[in-house]
Amino acid sequence: MWNAYENGDKSDEHGVFIPPLVLVLLWWKRKELLALPNRVWSPALLLLGFALALHMTGYLIQQQRVSIVALFVGVYALMGLAWGPAWLRASFFPYFLVAFCVPIATIGEPITFPWRILVCKIVAAISADLGNRRDPLRHRALQRIGSYQYEVAAACSGLRSVVAILCLSTVYGFVTFEKNWKRMLMIAAAFPLAVVGNVIRMMFIIVAAEISGQSAGNYVHEHWFFSLVPYVPAIAGVMALGYWLRERTLVPELPMSSKPV
């Protein structure tokens, strides 16, 4: 895992921050966890056996990701064995966030390719509409000349922003809400918010290239500040959705006191 985070695709480097995040959230829930009745729970041995079988399968087929999943399942099983099913239920969140530790960048092409196509179509539609409204003749001339062009490569698929926004919305949903449907809605909202963020970033590149040429677009593409653009609408969207879904406490109206006669 460390090799994937440090020497692999940058879309996986977030994995190094997940274990500390899980520990912080477990500490946040420490009072609830310490109040649970702990007991040795032997059925957890079945889950531990499944984890061992999963690791053996990963070793036989030489798929390290399978063994990574087996590692985390095995740790979860050991917690259940030592502390019982109540601990497993209470610690399911945040422990399942360790799923974000699994490196997926090199196997994400079936997901990232349609994602890139979708974002490109949206950006092309917006650019064409804005160009036609501004100056139809100039827009058609630029299409014929091809004054600049960009390739949305696999590294630009937005996988890193999707994972980061998904993790953020998951943590926010579980920490803020108790109802599962609200949590699931927060998690599902991460995907359209990530699309919006990537579209805005690509529009920044296109506008810069339109104004000052491809070198300006390259500058926007490579500068660290503009790489943060996808997160701004996503974070704003998560906060806005959380505000809309927040628990409201109704305060009953008190009866008006009457003055004695």
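The values are calculated or read from the model by the stated rules, or taken from the named source; none is laboratory data. Fair warning: this is a prediction, and the values are worked out from it, not measured in the lab. With ideal geometry, Cβ positions are generated from the backbone for all residues, glycine too; neighbour counts draw on all protein chains shown. SASA here: full protein model, heavy atoms, side chains in, ligands and nucleic acids out. Shrake-Rupley method; radii C 1.70, N 1.55, O 1.52, S 1.80 Å.
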Exercise. Does residue 103 satisfy the criteria of being surrounded by 13 or more Cβ atoms within 10 Å (Cβ to Cβ), in contact with a helix residue (DSSP H, G or I) (Cβ under 6 Å, 6 or more places away or on another chain) and in contact (Cβ under 8 Å) with a residue 40 or more places away in the chain?
Worked result: yes
Problem set entry | Counted residues, region 1-40 - those being assigned to a helix (DSSP H, G or I), farther than 17 Å from residue 75 by Cα and out of contact with any Leu (no Cβ under 8 Å at 6 or more places or on another chain) | 20
Problem set entry | Residue that is most open to solvent (accessible area, probe 1.4 Å) [pool: residues in region 41-52 that are assigned to a loop (DSSP other than H, G, I, E, B) and farther than 16 Å from residue 91 by Cα] | 42
Problem set entry | Extreme residue, nearest to residue 64 (Cα to Cα), among residues of region 1-23 that are under 18 Å from the mean Cα position of the chain (by Cα) and loosely packed, with under 12 Cβ neighbours inside 10 Å | 10
Exercise. Which members of region 157-188 meet the condition of being assigned to a loop (DSSP other than H, G, I, E, B), open to solvent by less than 20 Å² (accessible area, probe 1.4 Å) and modelled with pLDDT of 85 or more?
Worked result: 177
Exercise. Can you spot a residue in region 198-211 that is free of Cβ contacts under 8 Å to residues at least 12 places away in the same chain, open to solvent by 70 Å² or more (accessible area, probe 1.4 Å), of a type outside the set (A, V, I, L, M) and at negative phi?
Worked result: no
Exercise. Can you tell me how many residues in region 53-81 are part of a helix (DSSP H, G or I), farther than 19 Å from residue 100 by Cβ and open to solvent by 80 Å² or more (accessible area, probe 1.4 Å)?
Worked result: 5
